[in-house]
1. How do the strands (runs of 3 or more DSSP E) wholly within region B:1-89 filter down when requiring 2 or more residues that are more than 14 Å from chain A (Cβ to nearest Cβ) and charged (D, E, K, R): which remain?
2. Which residue, of B:VAL81, B:VAL45, is of a type in the set (A, V, I, L, M) and either farther than 21 Å from A:GLU37 by Cα or touching a Leu at 6+ places or on another chain (Cβ under 6 Å) (or both)?
3. Hey, among the residues in region A:54-79 that are in contact with a strand residue (DSSP E or B) (Cβ under 7 Å, 6 or more places away or on another chain) and surrounded by fewer than 18 Cβ atoms within 10 Å (Cβ to Cβ), which one's nearest to A:VAL135 (Cα to Cα)?
4. Residues of region B:90-112 being in contact (Cβ under 8 Å) with a residue 24 or more places away in the chain, over 21 Å from B:SER56 (Cβ atoms) and either of a type in the set (Lys, Arg) or part of a helix (DSSP H, G or I) (or both), which ones?
5. So which residues in region A:28-49 are under 16 Å from the mean Cα position of the chain (by Cα) and over 18 Å from B:ALA84 (Cβ atoms)?
6. Condition check: of a type in the set (S, T, N, Q), within 14 Å of chain B (Cβ to nearest Cβ), within 21 Å of A:ILE114 (Cα to Cα) and crowded, with 19+ Cβ neighbours inside 10 Å. Does A:THR51 satisfy that?
7. Just for region A:34-48: of the residues that are among the β-branched types (Val, Ile, Thr) and facing chain B (nearest Cβ under 8 Å), which one is surrounded by the fewest Cβ atoms within 10 Å (Cβ to Cβ)?
8. Within region A:82-100, is even one residue surrounded by 18 or more Cβ atoms within 10 Å (Cβ to Cβ), of a type in the set (Asp, Glu) and modelled with pLDDT of 95 or more?
Amino acid sequence: MSRNNHMQLRFASLSENESFARVTVAAFASQLDPTMEELTDIKTVVSEAVTNAIIHGYENSPDGEIEICARIEDDRLHLTVEDKGRGIEDLELARQPLYTSKPELERSGMGFTIMENFMDEVDVISEPGKGTKVVMVKRIASKKALFN
Amino acid sequence: MQLELEHHRRTLIVRLKGELDHHTAETVKVKMEEAILRGDVHHVVLSMKDLSFMDSSGLGVILGRYKLITGRGGKMVVCDVNPAVYRLFEMSGLFKILTIRENERSALSSLEVVS
């Protein structure tokens, strides 16, 4: 069983940081000995949440800040991705598959659907004008368990 | 992200190398669009053999180029799709409209039959 652990990451709302964020979180999560597929899931959901914060939260302004907190508790990875941007007016609509508020930007509208599919739990807390916080949990079925 | 472009008769082969996310999506969009509009391009083969990461921003770019090429009466075939990307295609329903082939050679030969 893994010991509990945590980390925090704060960075500017620049698209260059999307790959930085997903690679860093994946490196942290690797302590849980995930499979390649689980690691790809984690990278993808971080990428989705950070991209949402940049495009929708901060509307591509480079002056915003995004904070990621990652916590390992036993075999679970807890992730929060938070911005202080404009927030989401209609959460239910935003979470609909294929819905996008910015069709002119060629967005697929699949961000939340991907997060919901790749993680065990996804909660979105948002307040218009204040920001958005995405809270996600994934259980990592450790490969080590097979040998016990 | 690197794009390798090759013209094979009236088919444009695009080989994506690296990571396709929101940050790199614009480059992929612009370079593909330039090549499609400048050359005598009828069909597109999109090779994902050396694509190491893709998220929903990639789905948006692929769908956009799919619309461009089918709007001009052509076809788009995607090949060498890894399991992670295939899952995204399934989740978004894109696999229903895209033609997916195992590799470049079978992608090209499927186009030669139709053109």
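1. Numbers: elements: B:2-8, B:11-20, B:43-54, B:76-79.
The strands (runs of 3 or more DSSP E) meeting that bar are B:2-8, B:11-20, B:43-54.
2. Working: B:VAL81 fails: either farther than 21 Å from A:GLU37 by Cα or touching a Leu at 6+ places or on another chain (Cβ under 6 Å) (or both).
So the residue among B:VAL81, B:VAL45 that is of a type in the set (A, V, I, L, M) and either farther than 21 Å from A:GLU37 by Cα or touching a Leu at 6+ places or on another chain (Cβ under 6 Å) (or both) is B:VAL45.
3. Applying the first criterion (in contact with a strand residue (DSSP E or B) (Cβ under 7 Å, 6 or more places away or on another chain)) to region A:54-79 yields A:57-58, A:62, A:64-72, A:75-79.
Now drop any that are not surrounded by fewer than 18 Cβ atoms within 10 Å (Cβ to Cβ), which leaves A:62, A:65, A:67, A:69, A:71, A:75-76, A:78.
On the way: A:PRO62: 23, A:GLU65: 17, A:GLU67: 12, A:CYS69: 9, A:ARG71: 11, A:ASP75: 17, A:ARG76: 13, A:HIS78: 7 Å.
The qualifying residue nearest to A:VAL135 (Cα to Cα) is A:HIS78.
4. B:ARG101, B:GLU104, B:SER106, B:ALA107, B:LEU108, B:SER110, B:LEU111
5. Residue satisfying the conditions is A:PHE28 alone.
6. On the way: of a type in the set (S, T, N, Q): yes; within 14 Å of chain B (Cβ to nearest Cβ): yes; within 21 Å of A:ILE114 (Cα to Cα): yes; crowded, with 19+ Cβ neighbours inside 10 Å: yes.
For A:THR51, the condition - of a type in the set (S, T, N, Q), within 14 Å of chain B (Cβ to nearest Cβ), within 21 Å of A:ILE114 (Cα to Cα) and crowded, with 19+ Cβ neighbours inside 10 Å - is met.
7. So in region A:34-48, the residues among the β-branched types (Val, Ile, Thr) come out as A:35, A:40, A:42, A:44-46.
In the following step, the residues that additionally are facing chain B (nearest Cβ under 8 Å) were identified as A:40, A:44.
Values: A:THR40: 22, A:THR44: 26.
Looking at residues that are among the β-branched types (Val, Ile, Thr) and facing chain B (nearest Cβ under 8 Å), I get A:THR40.
8. The answer is yes; a qualifying residue exists.
The values are calculated or read from the model by the stated rules, or taken from the named source; none is laboratory data. This is a predicted model, so every value here is computed, not measured. Virtual Cβ from ideal backbone geometry, glycine too; neighbours counted across all protein chains shown.
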